[in-house]
Each structure stands twice: as structure tokens, then as C-alpha cells.
Amino acid sequence: MAKISLKKIEQIAGLGKADLHVHLIEGDPEALLNYAQEKTDLDVIAITDHDSIDSALKVKKAWQGMGYRFDLIVGEEINSVEGHIVGLFLNKTIEPHQSVQETVNQIHEQGGLAIAAHPFQAMDIRRPGVVLMDGIGLKTLLKFGKQLDGIEVVNATPTLKDENLRASLINKTVLLKAEIGSSDAHIPEAIGKGYTVFKGKNSQDLRKAIILCQTQAIYSGWNLITLIKYFFFFLPEALRIAVYNLTHLFNKKY
């Protein structure tokens, strides 16, 4: 018997695919949109740069009226006091450095959805002024989890296998929220490496599925070339952080 691919199963079942955690950084909106159009089969993408919706609005402007196959959601990855929350369906920026409670409240006041991003990721090495990959952690997740709309249980960043597993376990056994799969892409080639499956094809179908907790998170994996590109994208900042911390440690000793 011939094997049926996951992609074929999704098509037969009438399921849509969404990547809900994509960064533009200083990239070209058209390059990002064209990659998603030509190199993926996504039905929805969300642009979620750090602490501002400006990039998402820029991409939305480039997307409008151009006949792209997929829907585009304006979002933001918000650096709350306890860790990162992704807001979806936003129309204005949520200011960073507020509590999780206030961050989630402000997302909901806009009619948006609040997602815990990579909740079990913690960065011990850091550099002032640089937003790093901090999740809200177990204690905050258990305290505020019922107020969230979804939990990112698949973040396709190559180093987060164990963290994803813990997020999935807590969600399936305690929180019972919509499970979210995302790429956390910082280069176009990473888009779609993690994604959310839902019934339907557009952003409103997705919103309904998240609210009803009828989603599934999928990790699609990396090829070697994309993995190398991602490594070299992050390498300069990783070196700057390492130099800062070594210098800081040396100054403390002497």
C-alpha cells in the first residue's frame, strides 16, 4: 500500500496551515511574502516582530491587493516582565515590560489572541538592549495559563526540542489550550518549519479554531542548507553576547 503524505492528508481533510510567529527584522517585505507564496503551502502567516507592530503593518501594506494565496495577520512578540507573549490580530502596539496579566488584558481589549511563546525557553547569557528568547516559565504559565488563548508547543528553533516537549505535556495535561506550532522565523527560508493545522483556510477560520482549541502543532523539520543559513544569521549576535559576558565577568573579578 502506498504511503499518503501528511500534506495530502491535510488537503483531503480540508485543513489549513498557519505559521503564527514570523519575524521581518530588517528584511524586505516583498521577499518574505514571495517566499511564503512560492516556497510554502501556508494559508495564513502572522508577522510578530519584537515589541512593535510597525513591521507587521509594513508587510500588510505590501500584501494588500497583490493577490497572495495566504492571509496575513498583524501581530507582535511582546517582551513582558515574565517573558514573551505573542499577540495576534492587533491594531496597535502593546508596550513591552508590563506584567503578563496586563499584556494579555491589552491584547484582549483589542480583540486579539494571546499566545505563550516558547514558554520553557530561558536565556542565561544576555546583553543589555538585546531582546532574547525568554519564555514565561512554568510558574507563570500555571498561574495565568487559563487566561491565554494558546500555547506554543512547537517552536521550530532547532535547539528547543526539550522545551517544546515540556510545553506540550503541560498543555495536554493541565492547561488544555489551543496548541500552536510556529517557525519563529528570522529568515524567509525558516518560514513554515513549524506550523499550526486548523479546519478551514483563512485567518477567521484560524481564529475560531484557536478559540475552540481545535488546532494541532506540527514540526516539519530542517534541511541542512537552511540550518546552516540560520546558524550564520544568529552567529554575529551570539558572538557579541559572548564577548559582553566574558568582559563583564572579567571586570567583576578584577
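The values are calculated or read from the model by the stated rules, or taken from the named source; none is laboratory data. Nothing here was measured: the structure is a model prediction, and the numbers come from that model. Here the Cβ is made from the backbone with ideal geometry for all residues, glycine too, and neighbour counts use every protein chain on show. Side chains are part of the model used for accessible areas, which takes the heavy atoms of the whole protein and leaves out ligands, DNA and RNA. Shrake-Rupley method; radii C 1.70, N 1.55, O 1.52, S 1.80 Å.
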Do we have Val197 as under 27 Å from Glu26 (Cβ atoms) and surrounded by 15 or more Cβ atoms within 10 Å (Cβ to Cβ) here? no
Every residue in the range 55-109 that is under 15 Å from Asp19 (Cβ atoms) and acidic (Asp, Glu), please. Asp71, Glu77
Restricting attention to the range 24-38, does a residue exist that is at pLDDT below 95, more than 23 Å from Lys208 (Cα to Cα) and of a type in the set (Gly, Ala, Ser)? yes
Can you name every residue in the range 87-108 that is surrounded by fewer than 20 Cβ atoms within 10 Å (Cβ to Cβ) and hydrophobic (A, V, I, L, M, F, W, C)? Phe89
Report whether or not Gly145 is within 19 Å of Glu77 (Cβ to Cβ), open to solvent by less than 40 Å² (accessible area, probe 1.4 Å) and in a loop (DSSP other than H, G, I, E, B). no
Could you list, in sequence order, all residues of the range 50-81 that are among the charged types (D, E, K, R) and either farther than 20 Å from Leu148 by Cα or at pLDDT below 95 (or both)? Asp54, Lys58, Lys60, Lys61, Arg69, Asp71
When you scan the range 200-215, how many residues do you find that are more than 11 Å from Gly16 (Cβ to Cβ), among the β-branched types (Val, Ile, Thr) and open to solvent by less than 90 Å² (accessible area, probe 1.4 Å)? 1
Condition first: within 21 Å of Val59 (Cα to Cα), within 14 Å of the chain's Cα centre (by Cα) and either of a type in the set (Ser, Thr, Tyr) or open to solvent by 10 Å² or more (accessible area, probe 1.4 Å) (or both). Now tell me which residues in the range 167-190 satisfy that. Ser182, Ser183, His186, Ile187, Pro188
Does the range 152-185 hold any residues that are closer than 12 Å to Tyr219 by Cβ, among the hydroxyl-bearing types (Ser, Thr, Tyr) and at pLDDT 95 or above, and which are they? Ser168, Ser182, Ser183
